[in-house]
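S.K.: Below are the structure tokens for one structure; questions will follow.
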Amino acid sequence: MEKLNEKNKQVALGIFLMIIFIPKTVFAMHIMEGFLPPKWCIAWGAICIPFIVVGFFSIKEKINVNPKIKMLLAMAGAFTFVLSALKIPSVTGSCSHPTGVALGAILFGPTVMTVLGLIVLIFQALLLAHGGITTLGANAFSMAVVGPLVSYFIYKLLMKLKASRTSSIFFAAFLGDLMTYVITSIELALAFPDKAGGIATSMIKFMSIFAITQIPLAISEGILTVMVFNLLFAYNKEELIELKVIKKED
């Protein structure tokens, strides 16, 4: 019990330091309430449903096998909540911010992170006025579906190619973050195509504006995700082995 408490203190310390040292800008949000036409709100929400269902079953299965991972699940959700609440205003109706989904995707798989991401987005919409309920599907698809999928498969691919764990985690977080904003740009472009150039021109405009703030944020998120994973490696190694994230000989 004493050892477990010490582990929890170390993880809490890591999250506390993360909150302190990342600059906070709170003037913007995810795609905001009422910004998307109803048909797109419904469409993106419907696309998310299968991933959410699979994620719920995956969480239930993992907890039944190992109830001790509840603490790590909560930590992954808190990590995502804190990072994705740090906003830098960008395109009209949206913003740039870290996502924090790579850590949970690496630990538990992408669909588990879909559920955690959805919960985070609901709390942010209701408590912080970040995002909205009508735009929940669009925000969830970009941040809680595509982001974790990209992060998970990039991590697995790089590890299979014998890349170092540090670089694998960094690029998983970096590319997962960037792909979230590629999808957000597509969502906005579909809803608001350029009058002259259509969807493609609109998408390029959105992506160009996002890139100014999002690329440095993605780099910062990659570094921070590596730092937090190293904390877990040092103090929660047994749980990581049970989750098959690392091997005993690591």
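Quick note: the coordinates plus some simple rules give every number you see, no bench work behind them. Keep in mind that this is a model prediction, so the values were computed, not measured. We place every Cβ from the backbone using ideal geometry, glycine too, and count neighbours over all the protein chains shown.
S.K.: Once amide H atoms are built 1.01 Å from N in the peptide plane, which residues 5 or more positions from THR135, or in another chain, come under 5 Å H to H?
M.R.: When sequence neighbours closer than 5 places are left aside, the close amide H contacts are GLY34.
S.K.: Ranking PHE51, PHE192 by Cβ neighbours within 10 Å, fewest first, what do you get?
M.R.: PHE192, PHE51
S.K.: Now, a different point. What FRET efficiency comes out for LYS70 versus ALA46 if R0 is 30 angstrom and r is the Cβ-Cβ distance? Round to the nearest 0.05.
M.R.: Approximately 0.50, to the nearest 0.05.
S.K.: Same structure, new question: What are the residues whose amide H is under 5 Å from the amide H of SER96, where those residues sit 5 or more places off or on another chain and H is modelled from the backbone?
M.R.: Placed amide hydrogens put ILE88, SER90 under 5 Å from SER96.
S.K.: Please rank LEU36, LEU232, fewest neighbouring Cβ atoms within 10 Å first, as an exposure proxy.
M.R.: Ascending Cβ contact count within 10 Å gives the list LEU232, LEU36.
S.K.: OK, next. How many nm separate the modelled label positions at PHE153 and ALA129, each set 7 Å beyond the Cα in the direction of the Cβ?
M.R.: 3.9
S.K.: Pull out the extension gain between SER167 and VAL53, defined as 0.36 nm times the separation in residues minus the alpha carbon to alpha carbon distance; nm, one decimal.
M.R.: 37.9 nm
S.K.: Right, something else. For the stretch 168-224, what is Rg from Cα atoms divided by 2.2 N^0.38 Å, rounded to two decimals?
M.R.: 1.26
S.K.: Amide H neighbours of ILE31 under 5 Å, at least 5 residues apart or on other chains, H built in the peptide plane: list them.
M.R.: It is none; the list stays empty.
S.K.: For the stretch 54-67, take each phi angle, set θ = phi - 60°, evaluate the Karplus expression 6.51 cos²θ - 1.76 cosθ + 1.60, and give the result in whole Hz per residue in order, putting x for glycine and proline.
M.R.: Taking θ as phi minus 60°, the curve returns 4, x, 4, 5, 5, 4, 4, 5, 5, 5, 5, 6, 8, x Hz for the stretch 54-67.
S.K.: Another question, then. Working from the alpha-carbon coordinates of the stretch 27-239, get Rg over Rh, Rh being the Kirkwood radius.
M.R.: Expressed as Rg/Rh, it is 0.97.
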